[in-house]
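Inspection log for the structure reproduced underneath, given as structure tokens.
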Amino acid sequence: MTRFLAALLVLALSPAMAAERMTIGYVDRADDPRHENRIGFGGILLEQRGRAIDGAKLALEDLAAVGRSLDIEIDLAEARAENADAVAGEVEKLRRERGARFILIDAPAKALIASARTRDAMLFNVAADADALRGADCQAQIMHAIPSLAMRTDALTQFVVARKWRDILVLEGPEARDADAARALERSAKRFGARIVAKRPFVLGSDPRERDQNNLALLTGRPAYDVVFIADESREVARFLPYQTLSPRPVIGSAGLTAETWHWAWDRDGGANLSRRFRRLAQRPMLGEDWAAWLGVKSIVEAVLRVRTADFAKVAAHLKSADFRVDGSKGQALTFRPWDNQLRQPVQLTTSDAVIAQAPFAQFLHQTENLDTLGTDRPESTCRMGGTQP
């Protein structure tokens, strides 16, 4: 009997009987202003923000039963870099010390590119929308859960062209990201047949010597236009622009109608339930980066479910395969584009408290996949997949 019990104990403790383990990593930076609430003059709370790791935590909570059903332990390892330059080191540390092979990163494009030096890992971009990350600077092991800037301006341009608002006045702020947004809009206008009738720079402040660049009436004067697109990273000018244009015209871009990854007011396809669960967990509305982190973890666990193992090579291969599908509560199955690793997804066009529409629109057809009318399609892609395959 003693020998029998000993044999049972050996079997119970043997590696063959032990549950598989998967650690998903998450890295952001301590100095990121996007994590702080947006406060206006006089201490007015303009936007409640937080860390996107809340989305990753919600996904693990939602999908805990999947791991148990497969006898796979899935946990989340979190790291915070002191600044953007330290992100790559934290990614490498998670890989080396915690065994994380799938790592979500909330950091700027430069930090993502540096992080791609980590070998035998798949990284999920949940915040950086730079088009170059999907183009000249693309990396084989970086998957993009967040839409690119081009996808967002394509969504807005489809919306206005579908309504025959073809003439666009562009107002461009002083920040580098404002210039990026204006360039993306110019590309989208050419792609869908809109016309940019004028592009005008603006500055923050009320100095009368600069009134041609800070007076909204002067900025929105002639020539005639159907809609105003404003590129304003600070949103300090944009939030005052609607109803102050010289001509009575709609505003899009950084104010008015905005293109978002996710908006808490989306009430279809399980969206209301998702936003409610997130608010209960994080005590704030779900933002685009939160959704991207939630979707990143959900994609990993979905792939684990399909291949029925936590083996890194098999899970990574499925994520990149044509068979991969994931539900993002946006009304259709989502997949990753093979030419630049961008997640195909609808883009929500929103006001402060409503989702007006989801792009793409039926008027804009594609030979194989209508979601590929948003962002960079295969024939125009400059991505050559630098880095190493996961």
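Given a 1.4 Å probe and heavy atoms of the protein chains only, how would you sort V197, V66, V297, largest accessible area at the top?
Details: V197 55, V66 30, V297 0 Å².
The most accessible residue leads, giving V197, V66, V297.
Please list the three semi-axes, largest first and in whole Å, of the ellipsoid equivalent to the chain, using sqrt of 5 times the eigenvalues of its alpha carbon gyration tensor.
42, 21, 19
In sequence order, what are the phi-derived ³J(HN,Hα) couplings for the range 197-210 according to the Karplus relation 6.51 cos²θ - 1.76 cosθ + 1.60 with θ = phi - 60°, rounded to whole Hz, with x for glycine and proline?
Once θ is set to phi - 60°, the couplings for the range 197-210 become 7, 6, 10, 10, x, 10, 10, 7, x, 10, 4, x, 6, 10 Hz.
For a quick check: with amide H placed at 1.01 Å from N, whose amide H comes under 5 Å from R200's, ignoring anything fewer than 5 positions away on the same chain?
The list, which skips near neighbours in sequence, is V170, L171, E172.
Could you sort the peptides 99-107, 131-139, 219-227 by per-residue average Cβ neighbour count (10 Å cutoff), highest mean leading?
Averaged packing, sorted descending, gives the order 99-107, 131-139, 219-227.
When we measure straight from the Cα of K314, which lysines land under 18 angstrom away, once same-chain ones fewer than 8 places off are left out?
K298
Name the residues whose placed amide hydrogens come within less than 5 Å of the amide hydrogen of F124, ignoring near sequence neighbours (fewer than 5 apart) on the same chain.
I103, L104, I105, M143
What does the charge dipole of the range 150-258 about its Cα centre add up to, to the nearest 20 debye, if the Cβ of each Lys and Arg holds +1 and the Cβ of each Asp and Glu holds -1?
The calculation lands at about 520 debye.
How are the Cα pair distances of the range 150-258 distributed, in percent, across 10 Å bins from 0?
16, 53, 28, 3
Please list, ordered by chain and number, the residues whose modelled amide H lies under 5 Å from the amide H of A77; skip anything fewer than 5 residues away on the same chain.
Under 5 Å from the amide H of A77: I24, G25, Y26.
Lys and Arg at +1, Asp and Glu at -1: add these up for the other residues within a Cβ distance under 13 Å of N83 and post the number.
Local net charge: -3.
Could you give the alpha-carbon Rg of the range 221-320 over 2.2 N^0.38 Å, rounded to two decimals?
Working it through for the range 221-320, the quotient is 1.58.
Any idea how far apart R34 and A179 come out in nm if each label point goes 7 Å out from Cα toward Cβ?
2.0
Starting with the highest mean, order 155-165, 69-79, 377-387, 279-289 by the number of other Cβ atoms within 10 Å, averaged over the residues of each peptide.
So the order, starting with the most tightly packed, is 155-165, 279-289, 69-79, 377-387.
At each listed q (0.20, 0.22, 0.24 Å⁻¹), what is the log10 of I(q)/I(0) that the Debye formula gives for the range 220-269 modelled as equal alpha-carbon point scatterers?
Debye curve over Cα of the range 220-269, log10 I(q)/I(0) at q = 0.20, 0.22, 0.24 Å⁻¹: -0.71, -0.80, -0.89.
Grab the DSSP H runs of the chain that are 4 residues or longer, score each as -39,500 (n - 2.57), total them, divide by all residues and round the 222 nm result to the nearest 500 deg cm²/dmol.
-9500 deg cm²/dmol
What number, in percent, do you get for the relative contact order of the range 268-320 if the mean sequence gap of Cα pairs under 8 Å and at least 6 apart is divided by its residue count?
So the answer I get is 20 percent.
From the C-alpha gyration tensor of the range 337-390, pull out the three semi-axes of the equivalent ellipsoid (sqrt of 5λ each), sorted largest to smallest, in whole Å. Walk me through the intermediate numbers first.
Values: eigenvalues 143, 46, 13 Å².
Gyration-tensor ellipsoid for the range 337-390: 27, 15, 8 Å.
How large is ³J(HN,Hα), in whole Hz, for each residue of the range 59-74 in order, when computed from phi with the Karplus curve 6.51 cos²θ - 1.76 cosθ + 1.60 and θ = phi - 60°, using x for Gly and Pro?
Coupling constants for the range 59-74: 4, 5, 5, 5, 10, 4, 5, 5, x, 5, 5, 9, 6, 10, 8, 10 Hz.
Quick check: residue separation of R68 and R277 times 0.36 nm, minus the Cα distance between them. What number comes out in nm? It would help to have the intermediate numbers written out before the result.
Values: separation 209, 0.36 × 209 = 75.24 nm, distance 2.11 nm.
73.1 nm is the gain from fully extending R68 to R277.
The values are calculated or read from the model by the stated rules, or taken from the named source; none is laboratory data. Just so it is clear, the model here is predicted, and its values are computed rather than measured. With ideal geometry, Cβ positions are generated from the backbone for all residues, glycine too; neighbour counts draw on all protein chains shown. Heads up: the accessible areas ignore ligands, DNA and RNA and are worked out on the full protein's heavy atoms, side chains in. Shrake-Rupley method; radii C 1.70, N 1.55, O 1.52, S 1.80 Å.
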